[in-house]
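Taking it in order: structure first as structure tokens, then the write-up.
The values are calculated or read from the model by the stated rules, or taken from the named source; none is laboratory data. Just so you know, these numbers come straight off a predicted model, no measurement behind them. When we count neighbours, we look across all protein chains shown, and the Cβ atoms used for this are built from the backbone with ideal geometry, even at glycine.
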Amino acid sequence: MNENLRIVHKKTGNFLEDFGPGQILRHRGGKTVTDGLLTTFGDFSFATHPFSKNRRYAKAYGYRDLVCPPGLVMLVAFSQTVGDISENARANLEYINMRFGAPVYPGDTIEVETKILGVRPSSSRPDLGIVHVQSTARKNIGSSDEAIVLTFERKVQVFKGAADAKIEGFEIEPDAIDCELWLPKYGAKSDYVEIQHLGGDDGFFEDFEPGTLLAHSRGRTVTSEHIHLTGILDNTSQVHCNQHMIDLDPERYLGGQLVVFGGIPFALCLGISGPDIGDNTLGDVLYKTGRHTAPLAAGETVYASTEILAKRDHPERPDLGIVESRLYGHKFDRAEGADHDDAPPGYKRTKIFELDRDVIAKRRSHYTG
Amino acid sequence: MNENLRIVHKKTGNFLEDFGPGQILRHRGGKTVTDGLLTTFGDFSFATHPFSKNRRYAKAYGYRDLVCPPGLVMLVAFSQTVGDISENARANLEYINMRFGAPVYPGDTIEVETKILGVRPSSSRPDLGIVHVQSTARKNIGSSDEAIVLTFERKVQVFKGAADAKIEGFEIEPDAIDCELWLPKYGAKSDYVEIQHLGGDDGFFEDFEPGTLLAHSRGRTVTSEHIHLTGILDNTSQVHCNQHMIDLDPERYLGGQLVVFGGIPFALCLGISGPDIGDNTLGDVLYKTGRHTAPLAAGETVYASTEILAKRDHPERPDLGIVESRLYGHKFDRAEGADHDDAPPGYKRTKIFELDRDVIAKRRSHYTG
Amino acid sequence: MNENLRIVHKKTGNFLEDFGPGQILRHRGGKTVTDGLLTTFGDFSFATHPFSKNRRYAKAYGYRDLVCPPGLVMLVAFSQTVGDISENARANLEYINMRFGAPVYPGDTIEVETKILGVRPSSSRPDLGIVHVQSTARKNIGSSDEAIVLTFERKVQVFKGAADAKIEGFEIEPDAIDCELWLPKYGAKSDYVEIQHLGGDDGFFEDFEPGTLLAHSRGRTVTSEHIHLTGILDNTSQVHCNQHMIDLDPERYLGGQLVVFGGIPFALCLGISGPDIGDNTLGDVLYKTGRHTAPLAAGETVYASTEILAKRDHPERPDLGIVESRLYGHKFDRAEGADHDDAPPGYKRTKIFELDRDVIAKRRSHYTG
């Protein structure tokens, strides 16, 4: 190699000092959701909703094709923002007010824009600060079926790029974004009854009892596959895929290991809940708030449970009802001599994720025979 | 979390005591076979048949599109039954009389029904019993090309849910299901000769010699990827993907490790055999019987061989012939001081799989120049 | 198993003594590039070019659909040759004169032919020799859009099959293959400006400065997933996926571990370079020469940098320019007591790959506002 080369250190992503109030970031790339992505991630996450598995079932309900599960829509949209927002993040802190809109079908192209709402330097750690953003994802821009598919705010802990960079805090109001879950019309009851077995026999509106905690039965061990699963979402954030970088400075990163992208337990918990709350809904309406409460590493097993908070009629649709729930993800860590009610002997239970989740559930009265 | 919550332990899958004679289970979900699934699993399994790789080759033979290999059709159909039949299984014991029907193309939607034929409590282990079922998979139900793609019986060892559940044994006759391998018509020889190089130069009807054992040349190491490959088939059976559950009770599960889903060596052995028997067939007709004879764990390498049992003319087609074979899968385990003819020094050979397999092979006389 | 069976050891692939001068190999299989393959591999390799991610962007530029990145086209074509050329190889030595042609879209079927140009026995190792080949990949043979997509030569180190086989060396001239990168016409500047954010803000013709070395910011740790990624390309070469074979004779194989298929760091380095050189090009024109300089194993992290060698106007297109570069891949190995300028303390830097790469870059003057 030529000894006289001038080395240019390319940077990707922004640092804390790069964000300004009201700044609009039109994220690079965009993503056409392919069959391949739907299969790989939708299935990995234990997504069991027949809208995402069985085209004849989805069409019988009035959708045009297989429907991407909310977990996948969230991940595709979220991942588009990583390059500009969290490439240099330490941790994603909170999801706020995530609302779903038009259905996403294989072949749809998602593009995302983000507005910077706020920056707050950390009091305890001078090299960090919190960034508050609002992102909106649209599909098929410029075509006749252009539509908003998702909008949300999030707060993320981001590193400063230069140690001496001066950070001025700010906070502005989020935009009001018109985004409501698209619902197919109600058709003929007999058509639904004919295919009701495909959705399973649980999780209808009448089945939910506020004040119960549904302990979902399945668990799933995450392996080093998380690296690839994160990459196929175009999320190149280094904490998930660069072991060498972690090796050089283990203290700087959570736990000193590769951090599993939070979207993975997020999607996995949604999937695990499916047979009990999900598979007989017409979708997720709103995630009021969500956060990761402990990191996850390869080798650990994810479990989930759902607390039913409340339910109410749908204002316009007699065939549907709204259920407010809280989804929890947990794992078990070894804890010698430990004896906890909520864990097997020798283990303690660690909560990794929680999400306030409103769903639109079908009523048995209208969808089953 | 609210301390007064009533915890509901959700169950998935049936236990031994849940099965009754003649019970029909219309399995939930169904599955639209996507490009993504065909690529991931069909390729992982070393499937080399150009019908599943090369669309122009498949169409030249009279198929409408790429054709899913028999291993994938079997896995998609089988996995649809897991939730209801073997979610709580200890081991899959035997495949019986598996017959292939209409071709499965990307975009086809597979749905499966199972009839319970028998239950037999275990004499040696009071917490187990054997369930005998018959499953039939159809594609594109309700459309003009609805057809049966696969039908088979299987026996599986299932756990009791309640230790004190009383199991009454029973056995009824299987249904007669009309299912025969669809064959494209014979076209113009010159068209086949033009593309014969794509199928390779072995495995034609004339090449098979009863009384030979074909030792296929390739091996394939299975890694922790098996967990994901199993998940994309919608097979959520916990023994394949929940390491924590295994850790809590290693004795209860085979080998105390995550068990690789048997469908993986099944598909892998079929794929490994392809260049020698498979790639120049028009498909697999019948698997009379098949079983797993030893478990497989991540890190182990799968090999295969095929015994040619017999061959005979096809009753109606002069361009084809039927070959009866037996496919064996094996691996090598370290065995200190061992010296076996059929293994390298220091290793012993362990059979993991066997399958009686009838194929319909093309004749050189009609397909090559 | 029948004790009187005659065992037939099936061979796959050719050995050094099987190659003759001018021999044409029409490779078996062929491959229809599916959505699934584009997603899995295109994304794994950090491919960030919006032509391969965002269908509306690709169509706005005049392509018919998502475009397969050059790394994927190269891998699909190369892998078709492995069965016949390098199934029994020890190492791939050099890529020579790789030129890209027509764009490859999902659904296109690639078939490859190879001509044997030369064989040279090794002086130092009697069981090895070098084979020199020329391969040409076409898409959609027999249809109205049949076209050459790639042509290249390569040299590979192949084992002898029989220890006593006598190898006569030879060398003939490569064919002149008409293959030039297809370029869409230049449209209306305002259309490009409207979507320029999707391509990012770097890597235009004007940005490149000969005599600089672009140190790309991302790294990527390769895991055991490499086995599956190699398999989905239909590359069944045993050194990548058969740990048992390696265990039996560690000295014979590079490093005694599973060797990561060279195509993986190849594609990964191209992807890593994307945001800095790639995402604002209309494609890669020519790889004059390329070679792997050190092996890669699971657990290692790949980095890349690009040296800008020269740039010049495009002879016909005022909106484009040609940039000559050299892409380097490297990793860091632990080296106790080491203190190198170009590595962190305690590590040494090892070059794993280099590739002379000419790209056609867009000019800011014509594509940005």
* **Conditions (1) farther than 25 Å from A:His240 by Cα; (2) more than 13 Å from chain B (Cβ to nearest Cβ); (3) touching a Ser or Thr at 6+ places or on another chain (Cβ under 8 Å); (4) not basic (Lys, Arg): number failed by A:Glu113** => (1)
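In the range B:54-72, how many residues are in a helix (DSSP H, G or I) and under 16 Å from the mean Cα position of the chain (by Cα)? Don't jump to the end; show me each part of the working.
The first filter runs over the range B:54-72 and keeps only residues in a helix (DSSP H, G or I), leaving B:55-60, B:70-72.
Imposing the further condition that a residue be under 16 Å from the mean Cα position of the chain (by Cα) reduces the set to B:70-72.
Residues flagged as in a helix (DSSP H, G or I) and under 16 Å from the mean Cα position of the chain (by Cα) within the range B:54-72 amount to 3.
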* Search result, residues across the range B:247-258 that are more than 7 Å from every other protein chain (Cβ to nearest Cβ), without any contact (Cβ under 8 Å) to a residue 40 or more places away in the chain and either among the polar types (S, T, N, Q) or under 30 Å from C:Gly299 (Cα atoms) (or both) -> B:Asp247, B:Pro250, B:Gly256
* What number of residues within the range C:8-33 are in contact with a Pro (Cβ under 8 Å, 6 or more places away or on another chain) and either within 7 Å of another protein chain (Cβ to nearest Cβ) or assigned to a loop (DSSP other than H, G, I, E, B) (or both)? -> 6
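Determine, yes or no, whether C:Gly321 is in contact (Cβ under 8 Å) with a residue 60 or more places away in the chain and either in contact with a Ser or Thr (Cβ under 8 Å, 6 or more places away or on another chain) or within 14 Å of another protein chain (Cβ to nearest Cβ) (or both). If you could, list the steps in order and put the result at the bottom.
On the way: in contact (Cβ under 8 Å) with a residue 60 or more places away in the chain: yes; either in contact with a Ser or Thr (Cβ under 8 Å, 6 or more places away or on another chain) or within 14 Å of another protein chain (Cβ to nearest Cβ) (or both): no.
No, not satisfied.
Restrict the check to the range A:40-52 and report whether at least one residue is within 14 Å of chain B (Cβ to nearest Cβ) and β-branched (Val, Ile, Thr).
From the range A:40-52, those within 14 Å of chain B (Cβ to nearest Cβ) are A:40-52; that's our starting set.
Okay, now just the ones that are also β-branched (Val, Ile, Thr), so A:40, A:48.
Yes, the range A:40-52 has at least one match.
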* To do: Tell me which residues, restricted to the range A:3-46, are in contact with a Lys or Arg (Cβ under 8 Å, 6 or more places away or on another chain) and of a type in the set (Val, Ile, Thr).
  => A:Thr12, A:Ile24, A:Thr32
* **Residue that is farthest from C:Gly271 (Cα to Cα), among those in the range C:163-213 that are within 14 Å of chain A (Cβ to nearest Cβ) and part of a strand (DSSP E or B)** => C:Thr212
* When you look at B:Ile141, is it in a loop (DSSP other than H, G, I, E, B) and touching a strand residue (DSSP E or B) at 6+ places or on another chain (Cβ under 6 Å), yes or no? -> yes
* Asked: If you take the residues in the range A:317-369 that are among the acidic types (Asp, Glu) and in a strand (DSSP E or B), which one is farthest from A:Glu206 (Cα to Cα)?
  -> A:Asp333
* To do: Would you tally the residues in the range B:329-369 being surrounded by 15 or more Cβ atoms within 10 Å (Cβ to Cβ) and among the acidic types (Asp, Glu)?
  => 3
* Structure fact -> Exactly one of B:Leu75, B:Leu93 is closer than 21 Å to B:Gln238 by Cα and in a strand (DSSP E or B), and that one is B:Leu93
* Could you figure out which of (1) surrounded by fewer than 24 Cβ atoms within 10 Å (Cβ to Cβ); (2) more than 7 Å from every other protein chain (Cβ to nearest Cβ); (3) hydrophobic (A, V, I, L, M, F, W, C); (4) in contact with a Gly (Cβ under 9 Å, 6 or more places away or on another chain) isn't true of C:Leu5? => (2)
* Residue selected from the range A:34-53 under the condition modelled with pLDDT of 80 or more and assigned to a loop (DSSP other than H, G, I, E, B), by the criterion farthest from B:Ile110 (Cα to Cα) -> A:Thr34
* **C:Lys59 being at pLDDT below 95 and of a type in the set (D, E, K, R)** => no
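Given the criteria surrounded by 22 or more Cβ atoms within 10 Å (Cβ to Cβ), modelled with pLDDT of 90 or more and farther than 22 Å from A:Pro275 by Cα, does A:Ser135 qualify? Outline the logic, then answer.
Working: surrounded by 22 or more Cβ atoms within 10 Å (Cβ to Cβ): yes; modelled with pLDDT of 90 or more: yes; farther than 22 Å from A:Pro275 by Cα: yes.
Yes; evaluated as a whole, the condition is true for this residue.
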* **Residue that is farther than 30 Å from B:Ser325 by Cα, in contact with a strand residue (DSSP E or B) (Cβ under 6 Å, 6 or more places away or on another chain) and facing another protein chain (nearest Cβ under 9 Å), where the choices are B:His244, B:His216** => B:His244
* To do: Consider B:Glu87 carefully, then state whether it is within 13 Å of another protein chain (Cβ to nearest Cβ) and over 14 Å from B:Tyr105 (Cα atoms).
  => yes
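Looking only at the range B:54-69, how many residues end up being in contact with an Asp or Glu (Cβ under 7 Å, 6 or more places away or on another chain) and either within 21 Å of C:Gln238 (Cβ to Cβ) or facing another protein chain (nearest Cβ under 7 Å) (or both)? Can you show your working first?
Here is the first cut: in the range B:54-69, the ones in contact with an Asp or Glu (Cβ under 7 Å, 6 or more places away or on another chain) are B:55, B:58, B:60.
Narrowing further to those that are either within 21 Å of C:Gln238 (Cβ to Cβ) or facing another protein chain (nearest Cβ under 7 Å) (or both): B:55.
Number satisfying all stated conditions: 1.
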